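To keep things clear, I will list the structure first and then write my remarks on it.
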Amino acid sequence: MSLTTTLPARWYTDPGVFERERGPIFGSSWIHVAYEFQLRNPGDYVTENLAGWPIFIRRGDDGQLRGFYNLCPHRAGPIVWEGSGCRPNMVCRYHGWAFNTDGTLRNARDFGCPAPDNMDLTPIQVGSFRGMVFACLSPSTAPLHDWLGGFPAEIEQYPIESYTFHSKSVRNVACNWKTYGDNFLEGYHLPTVHPAMSRDADALHYEVVFKGDDRWNIHVMPPRDDSTFGVFGYFWPTYAFDIFPGGFAVERWLPRGHSHTELIFEYFFADDAVNVEETVKFSEEVADEDARVCEHVQRNLDAGSYDTGVLSPKWEHGLEVFHRLVRDAVGELD
Ligand code: FES
Ligand SMILES: [Fe+2]
């Protein structure tokens, strides 16, 4: 039988490929960047870096959430320092130009003449879905709720808004964002990479289920008894969640250049959830195991002695779909 092959190694190693991915993938998709609970009050902001584009989202004085490139039109200074916080005004940190809550220029401090026209902040799209705040750089991408398609209905049954933020972990993993994505999209490695997880759950019946939209899928794995497993979900390009009894975790990965990926976990639990610390510890161990194997795979891809592999028809169909979306977005390489 003829097997589907993987993306060739160059797709994971060439900075030029990442350059080509930035616009059609990270500049055109909705990317999860923050939570409503971080942006409750006027002036609250959160920054993020979307495949190289620094942005921020801020709750305006009028209560509305807005997003902008974190970039002053004067000489490219930052409007807010990276991180999160609350600032009552939008004043550039470099020379002090001030902007209104909607991003229009209010005052070009001591400039010596009137500022020219078109010196406003560049807005980006912002959308909120069940307490999660997403951003999209492209004005022509459909609004968030349209873009999500049938995905919201799939997770409607889980009471995620009733959970409270518990903790966050961030790993800088030395691999291309697709190396981690490939790993997320198959359960083939579970018994070998995650032996403890496979003791708790029936890893041999892990299933990645597509429901008519190639951009997202749901992963199910039968628990052995009262273990912590529920359901995993994925949405293109780099958003995922794990829902378990009494809580859930968002798992997202953002490229930091072609060779590194920031892997972020954020945990939420019900007030009466049990085994909270054990659940987090266990999930973090699984993340360490994934990061370790992805970094080793990346070193092998970088080494130049491997080009293209093959995909298991039983286990790795999710990668085939993922690779097709990447190729469709980027086009063929020269
Ligand atoms: S770069 Fe913003 S005021 Fe100069
Ligand atoms: Fe894994």
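The values are calculated or read from the model by the stated rules, or taken from the named source; none is laboratory data. The shown structure was predicted, so the numbers you read here are calculated from the model rather than taken from an experiment. Every residue, glycine among them, receives a Cβ derived from its backbone with ideal geometry; neighbour counts consider all protein chains shown.
Does Asp44 fit the bill of being acidic (Asp, Glu) and either within 16 Å of ligand 1 (Cβ to nearest atom) or more than 14 Å from Pro123 (Cβ to Cβ) (or both)?
Yes; evaluated as a whole, the condition is true for this residue.
So is Ala203 surrounded by 15 or more Cβ atoms within 10 Å (Cβ to Cβ) and under 30 Å from Arg10 (Cα atoms) or not? No; evaluated as a whole, the condition is false for this residue.
The one condition from (1) in a strand (DSSP E or B); (2) under 18 Å from Gly149 (Cβ atoms) that Pro237 does not meet is (1).
Considering only residues of region 205-226 that are within 12 Å of ligand 2 (Cβ to nearest atom) and over 18 Å from Thr279 (Cα atoms), which is modelled with the highest pLDDT? Among residues in region 205-226 that are within 12 Å of ligand 2 (Cβ to nearest atom) and over 18 Å from Thr279 (Cα atoms), the one modelled with the highest pLDDT is His219. The residue that is surrounded by the fewest Cβ atoms within 10 Å (Cβ to Cβ), among those in region 110-125 that are under 37 Å from the mean Cα position of the chain (by Cα) and of a type in the set (D, E, K, R), is Asp117. Residue count for region 31-84 satisfying the condition of being among the hydrophobic types (A, V, I, L, M, F, W, C) and within 15 Å of Gly103 (Cα to Cα): 10. For the structure I just gave you, tell me whether Val326 is crowded, with 17+ Cβ neighbours inside 10 Å and under 20 Å from Pro195 (Cβ atoms). Judged against the criteria, Val326 is not a match. You will find that of Leu254, Leu263, Leu301, Leu311, the residue that is under 23 Å from Ser28 (Cα atoms), crowded, with 19+ Cβ neighbours inside 10 Å and out of contact with any Lys or Arg (no Cβ under 8 Å at 6 or more places or on another chain) is Leu254 and no other. The test for being at pLDDT 95 or above, in contact with a Leu (Cβ under 9 Å, 6 or more places away or on another chain) and closer than 23 Å to Val326 by Cβ does not hold for Tyr188.
Among the residues of region 29-41, not a single one is closer than 23 Å to Tyr234 by Cα, surrounded by fewer than 17 Cβ atoms within 10 Å (Cβ to Cβ) and touching a Pro at 6+ places or on another chain (Cβ under 9 Å).
Does Asp272 count as over 21 Å from Gln298 (Cβ atoms), assigned to a loop (DSSP other than H, G, I, E, B), assigned by TED's automatic domain parsing to the domain that holds His323 and not aromatic (Phe, Trp, Tyr)? Here the answer is yes, as Asp272 does meet what is asked. For region 137-204, the helices (runs of 4 or more DSSP H) that sit wholly inside it and include 2 or more residues that are within 16 Å of ligand 2 (Cβ to nearest atom) are 177-184, 190-193, 195-200. When the criteria are applied in full, Val133 meets the requirement of being closer than 24 Å to Arg22 by Cα, under 14 Å from the mean Cα position of the chain (by Cα) and part of a strand (DSSP E or B). If I filter region 21-38 for residues that are of a type in the set (Phe, Trp, Tyr) and within 13 Å of ligand 1 (Cβ to nearest atom), do I get at least one hit? No - not one qualifying residue is present in region 21-38. Met197 fulfils the conditions (1) surrounded by 21 or more Cβ atoms within 10 Å (Cβ to Cβ); (2) in contact with a strand residue (DSSP E or B) (Cβ under 8 Å, 6 or more places away or on another chain) except for a single criterion, (2).
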